[in-house]
């Protein structure tokens with residue numbers, strides 16, 4: 001009998017706690033596990049022995065349901081990356097000492113590619129040191145959908161559903177006036193445009209959706225955009241644009257920084273405007289029309305009431321797969337989703353070598369973007385649509401959704 | 001037998017179409033009405049005879065349900081205000097000619113206080129001209145909750161629920177990291193802080209909610225705010241602030257404009273930063289911590305999937321009341337909500353003179369704000385809580401909510 005430790009890392013999603021719930025559910029039934037710990041604030045907190053006991057929670061169906069619907073990492077997170085062994089072998093030794101001290105044989109780290117790097121490093125260390133009583137597995141999550149080794153990432157489907165739903169709602173809102181207006185919506189994604197692509201799903205029921213969609217995989221030219229908008233405004237009053245926060249010009253410069261030299265505040269400090277604000281300002285000055293910049297900001301990764309049921313279910317399953325794998329003595333792997341049938345959308349879960357995932361980034365293939373560079377092709381819609389299916393039944397009390405609070 | 005005309009005006013809400021559905025439902029059963037028209041783009045479109053026939057829609061239960069859940073004004077909107085009779089009597093004459101031409105005896109205008117001004121002017125004109133075969137009634141809506149003559153405004157409860165829910169989610173998101181961070185959230189309301197006050201509801205289940213809440217009814221001083229935040233950061237990592245977009249300093253200057261002189265773009269054009277961005281920048285420079293500005297922007301008035309069921313039901317009822325009143329030969333009134341019992345929250349619907357509503361603004365009473373000026377009192381929570389109760393069952397298809405499209 002040994003202990004299982006779970007920690008979460010990287011940016012929050014609305015599905016990362018569903019994975020945690022899946023792990024708890026699978027581990028609570030396993031005779032090899034007698035206690036389940038949560039490490040608070042990721043690997044950083046683990047190295048400070050900030051543990052909370054989740055053993056009782058794991059068998060509390062009602063609380064697991066609330067955990068399942070709580071956005072953001074219930075165990076907290078960190079942005080801290082384990083240094084290489086050469087740089088800081090002490091951290092590795094300390095980590096293993098803590099595991100030994102608390103009788104922890106199994107560790108599941110839920111996170112993105114930085115976290116998978118930590119899993120890879122720890123697993124490699126154990127291999128080299130012939131440590132054969134400690135196992136570590138990664139469970140993926142990221143709204144950016146930029147992990148390799150998995151068809152898509154837990155958390156992404158829910159963020160995509162938020163973006164598709166909200167874009168459809170914004171289209172309705174922007175449609176009501178007859179004043180010529182351009183609305184530029186900034187969507188998360190510094191290097192990968194998957195989330196911005198999801199704005200195209202807002203057209204599913206025949207709605208117009210965004211008129212222009214710019215992913216960060218292609219150069220973004222303000223003047224080209226202005227010409228397109230000018231043309232569109234000849235026949236319509238409202239133009240809606242979806243824009244990756246990370247769009248760059250042809251010289252590789254982020255659009256979001258381009259006003260910085262003049263954009264200083266009253267103290268002379270540089271202000272960095274977002275890509276949507278820069279674009280909206282440019283279009284206002286260039287075309288003389290009303291413009292508006294909207295950033296989906298944290299809402300796109302935190303709106304749990306708008307989550308995709310499919311995403312939450314898959315995230316739960318991945319947690320279950322990760323738990324069974326690590327307790328079954330697998331190590332240095334990441335649980336992942338494989339799409340078996342594109343037409344009917346069926347998936348299976350498998351394990352991939354975490355070394356193949358760590359520090360890599362999966363961008364949108366250029367052939368999923370239209371030639372004109374301002375929209376996505378049908379195959380992107382086909383890829384995305386199954387991921388936003390279904391609406392979870394959220395538990396409300398007093399008009400507000402219930403959230404779990406595992407630590408102060 | 002006569003025709004009924006309905007038009008919508010002012011800023012969109014997620015409940016304005018529920019009121020339209022309520023009118024259609026009530027009018028479809030009335031023997032005095034043989035046709036129902038929708039005027040596209042408010043009074044502006046009415047004067048251009050831009051009518052669509054809603055008679056069939058009024059008896060289509062399925063489409064009414066979709067109308068009920070569609071955000072923004074399904075009939076379009078306008079920001080156009082009817083001039084006074086002295087300035088432009090021709091507009092009044094033209095309006096009445098159009099009504100006569102189309103055999104329209106009943107007109108319901110759904111809108112805020114500008115729209116109630118139009119209702120008031122038209123009703124007064126009819127009275128003075130002894131026109132006794134035309135009746136006009138106002139139906140209220142505004143997310144700002146700033147109309148007098150009604151306990152609260154249709155659309156407000158849903159926006160309040162969005163704000164409470166999203167604030168609770170942001171609190172969870174901001175809680176995950178150990179880096180000192182201040183998040184400033186800008187909420188709609190140029191002159192009235194009701195929506196910002198609704199952020200306090202996010203504490204209902206024992207959550208921390210926003211640490212500081214600043215309504216536009218009280219002067220907002222950046223330095224006072226900075227001192228509060230500095231103190232809070234000594235004992236916590238994340239500070240969450242809710243701020244009305246219309247907060248002003250003690251000299252009555254909007255905070256949102258205070259960076260304008262230096263905040264120019266590459267073309268020398270003035271950039272106006274929002275109140276949250278100005279505050280976040282100030283705090284970053286003053287305290288040296290990470291800050292983030294978030295604007296709920298159009299999402300707070302368009303997120304129909306997060307609507308308050310109570311709000312939608314009341315909005316529907318108000319439409320029904322307005323329809324019955326106008327067909328019953330009432331004119332120059334607005335349908336309104338009266339709260340009968342504060343403890344159990346029961347309401348009744350009544351008619352108030354529209355002249356008492358037009359062009360007036362109901363701000364948050366100062367005695368609902370704490371002495372320190374950075375929070376609301378319990379009586380505000382008691383007033384708001386009944387308005388966000390219940391979640392509507394939204395019809396989805398293919399993972400996205402269904403919306404109605406009444407015109408191109």
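The values are calculated or read from the model by the stated rules, or taken from the named source; none is laboratory data. Computed from a predicted model, the values in this text were never measured in an experiment. Because the Cβ atoms are built from the backbone with ideal geometry, glycine has one as well, and the counts that use them run over all protein chains shown.
(1) within 14 Å of chain B (Cβ to nearest Cβ); (2) closer than 23 Å to residue A:193 by Cα; (3) more than 22 Å from the chain's Cα centre (by Cα): which one isn't true of residue A:399, the others all being true?
(2)
Which condition number does residue B:191 fail, the rest of (1) within 16 Å of residue B:10 (Cβ to Cβ); (2) at pLDDT 95 or above; (3) surrounded by fewer than 24 Cβ atoms within 10 Å (Cβ to Cβ) being met?
Unmet for residue B:191, out of (1) within 16 Å of residue B:10 (Cβ to Cβ); (2) at pLDDT 95 or above; (3) surrounded by fewer than 24 Cβ atoms within 10 Å (Cβ to Cβ): (2).
Here are the criteria: (1) in contact with a strand residue (DSSP E or B) (Cβ under 6 Å, 6 or more places away or on another chain); (2) farther than 21 Å from residue B:308 by Cβ; (3) within 9 Å of another protein chain (Cβ to nearest Cβ); (4) surrounded by fewer than 24 Cβ atoms within 10 Å (Cβ to Cβ). Tell me which single one residue B:178 does not satisfy.
The one condition residue B:178 does not meet is (1).
Could you say whether any residue in segment B:381-392 is closer than 27 Å to residue B:190 by Cβ and away from chain A (no Cβ under 14 Å)?
Step one: of segment B:381-392, the residues closer than 27 Å to residue B:190 by Cβ are B:381-388.
So of that shortlist, the ones also away from chain A (no Cβ under 14 Å) come out as none.
No, the conditions are met nowhere in segment B:381-392.
Here's the yes/no breakdown for (1) buried (at least 23 other Cβ atoms within 10 Å of the Cβ); (2) more than 14 Å from chain B (Cβ to nearest Cβ); (3) in contact with a strand residue (DSSP E or B) (Cβ under 9 Å, 6 or more places away or on another chain):
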| residue | (1), (2), (3) |
| --- | --- |
| A:31 | no, yes, no |
| A:54 | yes, yes, yes |
| A:57 | no, yes, yes |
| A:61 | no, yes, no |
| A:73 | yes, no, yes |
| A:76 | yes, no, yes |
| A:84 | no, yes, no |
| A:93 | no, yes, no |
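Going by the conditions given, is residue B:46 touching a residue at least 12 places away in the same chain (Cβ under 8 Å), crowded, with 21+ Cβ neighbours inside 10 Å and touching a strand residue (DSSP E or B) at 6+ places or on another chain (Cβ under 6 Å)?
It is true that residue B:46 is touching a residue at least 12 places away in the same chain (Cβ under 8 Å), crowded, with 21+ Cβ neighbours inside 10 Å and touching a strand residue (DSSP E or B) at 6+ places or on another chain (Cβ under 6 Å).
If the requirement is being in contact (Cβ under 8 Å) with a residue 40 or more places away in the chain, under 15 Å from the mean Cα position of the chain (by Cα), crowded, with 24+ Cβ neighbours inside 10 Å and in a helix (DSSP H, G or I), which of these qualifies: B:167, B:116? Step through it out loud before you land on a result.
Values: B:167 fails: under 15 Å from the mean Cα position of the chain (by Cα).
The unique qualifying residue is B:116.
Do we find that residue A:278 is buried (at least 23 other Cβ atoms within 10 Å of the Cβ) and at pLDDT below 95 in this structure?
Against the criterion (buried (at least 23 other Cβ atoms within 10 Å of the Cβ) and at pLDDT below 95), residue A:278 qualifies.
Within segment A:203-212, identify whether any single residue is in a helix (DSSP H, G or I), surrounded by 17 or more Cβ atoms within 10 Å (Cβ to Cβ) and at pLDDT 95 or above, and answer yes or no.
yes
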